[in-house]
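These notes concern the structure reproduced below.
The values are calculated or read from the model by the stated rules, or taken from the named source; none is laboratory data. All of these numbers come straight from a predicted model, not from anything done at the bench. Because the Cβ atoms are built from the backbone with ideal geometry, glycine has one as well, and the counts that use them run over all protein chains shown.
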Amino acid sequence: MARKPIIAGNWKMNNTASEGVKLIEELKPLVEGASCDVAVCVPAIDIPAIAQAVQGSNIRLGAQNVHFAEKGAFTGEISAKMLQEYGVDYVIIGHSERRQYFGETDETVNKRVLAALSAGLTPIVCVGETLSEREAGKTEQTLSRELSEGLRNVPDLEKLVIAYEPIWAIGTGRTASPEQANETIGSIRETLGKLFCPRCAENVRIQYGGSMNAGNCKALMAQPEIDGGLIGGASLKAPDFAAIVRFDK
């Protein structure tokens, strides 16, 4: 089975609802008929407005986080059911910024992944190494731990997306070379095969999430193991994001 590429924008903490709607209206004609899946993962407060804005288009809606409880005394949190009600399809889980600034752990990543899957959402599960881990030769060890613990008890790998985001390349303008990214993503796929099953590993989509932009997307997407991109800054301008979505043109 050929893996269909997926390009997902991560707006992070950018765009008010009105700014987001304006961006979506500009983006829709630019990405119409794209050969890959297209998604935008937006701030929670923007979800109602963007849900309406993407209707009738090929742009799917994503969130940037989800809580693992169905409901309860978790002030400030949002459940999978709440996202589901607005037609959210994807949710980013375990982004390095959540790990670095908000105490996310492999254990809580796992809980969020299971909650998202149980609600019919598609998790985009982020894994990646720091610069010091890469320089110490611990990339494979770090990724193996994040995958084995973060995906524990996941019944079907093919119902999620993995995003490999080398932490040293996020928002820095630095990026792994296409060959580096392909090699590491291939290693992730091999690890998933050992941890779970080879068939599932072969079919799961693995994005590259380290400063992919309009200038380097073609070279990255030409690599056989790379199935898309989780796009940060370049997703905030319609022409830039559209150029990545149209990497095959």
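For the range 208-249, which residues satisfy the criterion of being among the polar types (S, T, N, Q) and in a loop (DSSP other than H, G, I, E, B)? If you could, list the steps in order and put the result at the bottom.
So in the range 208-249, the residues among the polar types (S, T, N, Q) come out as 211, 213, 216, 223, 235.
Result: 211, 213, 216, 223.
Of everything in the range 204-249 that is within 20 Å of residue 91 (Cβ to Cβ) and charged (D, E, K, R), the residue that is surrounded by the most Cβ atoms within 10 Å (Cβ to Cβ) is 227. Within the set 222, 176, the sole residue that is modelled with pLDDT of 95 or more and farther than 25 Å from residue 112 by Cβ turns out to be 222. Per the listing 147, 131, the residue uniquely of a type in the set (A, V, I, L, M, F, W, C) and in contact with a strand residue (DSSP E or B) (Cβ under 7 Å, 6 or more places away or on another chain) is 147. Scanning the range 19-29 for residues that are surrounded by 15 or more Cβ atoms within 10 Å (Cβ to Cβ) and out of contact with any Ser or Thr (no Cβ under 7 Å at 6 or more places or on another chain) returns 20, 21, 23, 24, 27.
Residues of the range 147-199 that are among the charged types (D, E, K, R) and crowded, with 23+ Cβ neighbours inside 10 Å: 165 alone.
Against the conditions (1) touching a strand residue (DSSP E or B) at 6+ places or on another chain (Cβ under 9 Å); (2) farther than 13 Å from residue 195 by Cα, residue 118 satisfies every one except (1). Scan the range 32-56 residue by residue and report those that are surrounded by 20 or more Cβ atoms within 10 Å (Cβ to Cβ) and either among the aliphatic types (A, V, I, L, M) or more than 15 Å from residue 241 (Cα to Cα) (or both). 38, 39, 40, 42, 46, 47, 50, 53, 54 - these are the residues of the range 32-56 that are surrounded by 20 or more Cβ atoms within 10 Å (Cβ to Cβ) and either among the aliphatic types (A, V, I, L, M) or more than 15 Å from residue 241 (Cα to Cα) (or both).
Restricting the range 116-157 to residues that are modelled with pLDDT under 95 and among the charged types (D, E, K, R), the residue that is nearest to residue 83 (Cα to Cα) is 156. Any chance the range 140-160 includes a residue that's touching a residue at least 60 places away in the same chain (Cβ under 8 Å), acidic (Asp, Glu) and within 24 Å of residue 97 (Cα to Cα)? No. Residue 67 meets the conditions (1) out of contact with any strand residue (DSSP E or B) (no Cβ under 8 Å at 6 or more places or on another chain); (2) touching a residue at least 24 places away in the same chain (Cβ under 8 Å); (3) under 26 Å from residue 208 (Cβ atoms) in every case but one. The failed one is (3). Taking the conditions (1) more than 21 Å from residue 227 (Cβ to Cβ); (2) crowded, with 20+ Cβ neighbours inside 10 Å in turn, residue 59 satisfies each one other than (1).
Just one of (1) more than 24 Å from residue 190 (Cα to Cα); (2) under 14 Å from the mean Cα position of the chain (by Cα); (3) not small (Gly, Ala, Ser) fails for residue 208. It is (1).
Residue 185 meets the conditions (1) aliphatic (A, V, I, L, M); (2) under 18 Å from the mean Cα position of the chain (by Cα); (3) modelled with pLDDT under 95 in every case but one. The failed one is (3).
Is it true that residue 95 is out of contact with any Gly (no Cβ under 7 Å at 6 or more places or on another chain), over 19 Å from residue 200 (Cβ atoms) and in contact (Cβ under 8 Å) with a residue 60 or more places away in the chain? So residue 95 passes the test.
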